[in-house]
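Report on the following structure.
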Amino acid sequence: MEPNNYGIFFGDTFGQDFVPNAANPGPNGGSWRSNVLAFSADTQLDDGLTFSSMATDNAGNAREIVPGKRPVWQR
C-alpha cells in the first residue's frame with residue numbers, strides 16, 4: 001500500500017441485483033459479500049471521503065476479504 005493510502009473495511013455489501021424494499025427491508029439479491037476493503041488517499045475529509053479503489057475479484061466486483069457467516073436467507 002502507498003503512503004497516505006488508507007484501507008477501510010465494510011461489513012456487508014450487495015451487488016447490482018439489490019433492490020430496496022420498504023415493505024420487507026433487509027438484504028436481498030444473490031451477490032451479498034461481507035468484509036470488503038476500500039482504499040482512499042483522500043486528505044480533504046471536510047467534503048466527504050472519496051474511495052480510490054476496492055479490493056476486487058476477477059469480475060471487478062468488491063471481493064470478500066475475510067469470509068463471513070452467510071445470513072440465514074442465503075444458506
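Quick look at the values:
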quantity	calculated
Principal semi-axes in Å for the stretch 1-67 [√(5λ), Cα gyration tensor, largest first]	26, 16, 9
Residue-wise HN-Hα coupling along the stretch 37-49, computed from phi with Karplus coefficients 6.51, -1.76, 1.60 (Hz; x: Gly, Pro)	10, 10, 10, 8, 10, 5, 10, 10, 6, 5, 10, x, 9
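FYI, it's all coordinate maths here, none of it is from the lab. Since the structure is predicted, the reported quantities are computational estimates derived from the model, not experimental observations.
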